[in-house]
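Only one structure is covered here, and it is reproduced in the block below.
No lab work stands behind these numbers, since they all come straight from the coordinates. A quick note: this is a predicted structure, and the numbers were derived from the prediction, not measured. For neighbour counting, all protein chains shown are included, and Cβ atoms are generated from backbone atoms with ideal geometry for every residue, glycine included.
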Amino acid sequence: MGLRGSAPWSLQAEQALSPALAGLAILCLFAGLTLPMIGVLREQLRQKKALAAD
């Protein structure tokens, strides 16, 4: 596997897609960090309701 002399896509395509891909990466990061915490908070709330019902 050697380096090729030409890029797989043009610089214009890379400059056009880069901001969109960066935004998508940030959305995925936010969702990946937020969704597990929402699950933890819901479980804690469910446990509190179960204790209050007893």
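Within the range 21-54, the only residue that satisfies the criterion of being among the acidic types (Asp, Glu) and either in contact (Cβ under 8 Å) with a residue 40 or more places away in the chain or surrounded by 10 or more Cβ atoms within 10 Å (Cβ to Cβ) (or both) is Glu43. Within the range 7-20, the set of residues being assigned to a helix (DSSP H, G or I) and loosely packed, with under 10 Cβ neighbours inside 10 Å comprises Leu11, Gln12, Gln15, Pro19, Ala20.
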